[in-house]
Amino acid sequence: MSHEENDVHEKFLFTLDWLLAVTRRYSSSLEFGLAHINFENPGALGDAYGAPLASHKLDDVLLLLRKAIRKTDLVARDGADFWILLPHATGEEKLADRIREIVDLTSQSGLQIVERDLTLYSFPKGLPELEGEVSAYEFLSHLKQNHSTLASRELCLLPQK
């Protein structure tokens, strides 16, 4: 991860930490969403493109997403996982529209050859119950591990041949 990418990743985590703290303190006064894109089998990317080119293609997805999102949204990449923080999320339908845009963008990168899971989380009425205060990184891990019960919507895109 380059120095610039590390700064963006840290900014993402800092902002999410802040949103979590405000949401815990004021219950449901702040509304935000998270989108998670998971390229299910990064090994398939390496097999298809070779490791350096696969990494470059994932970087391309990151750049595409950053260009396409609103200025208030943040994107972070953690390996083959992408997280998009959507402050000021306004309802399920708009978030569903965002997922459709994200699907289109990730398909443009040539990575449609692997399975991709897209998961959308919406937090209009506070946060899921967690033991104690957790960091942004722990919160993302919790969401990823419990996506089937916490997600607002999930979409699986199978590989295209």
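Values quoted throughout were computed directly from the atomic coordinates according to the rules given, and no laboratory measurement underlies them. As the structure is a prediction and not an experimental result, all values here were calculated from the model. Don't worry about glycine lacking a Cβ; one is built from the backbone with ideal geometry, like all the others, and counts go over all protein chains shown.
Could you tally the net charge around residue 147, taking each other residue with its Cβ under 12 Å from the Cβ of residue 147, Lys/Arg +1 and Asp/Glu -1? Display every interim value, and only then the final one.
Working: positive: 144, 153; negative: 81, 117, 154.
That sum, taken over residues with Cβ under 12 Å, equals -1.
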Simple SL model, points at 7 angstrom along Cα→Cβ for residue 55 and residue 11; separation in nm is 2.3 nm
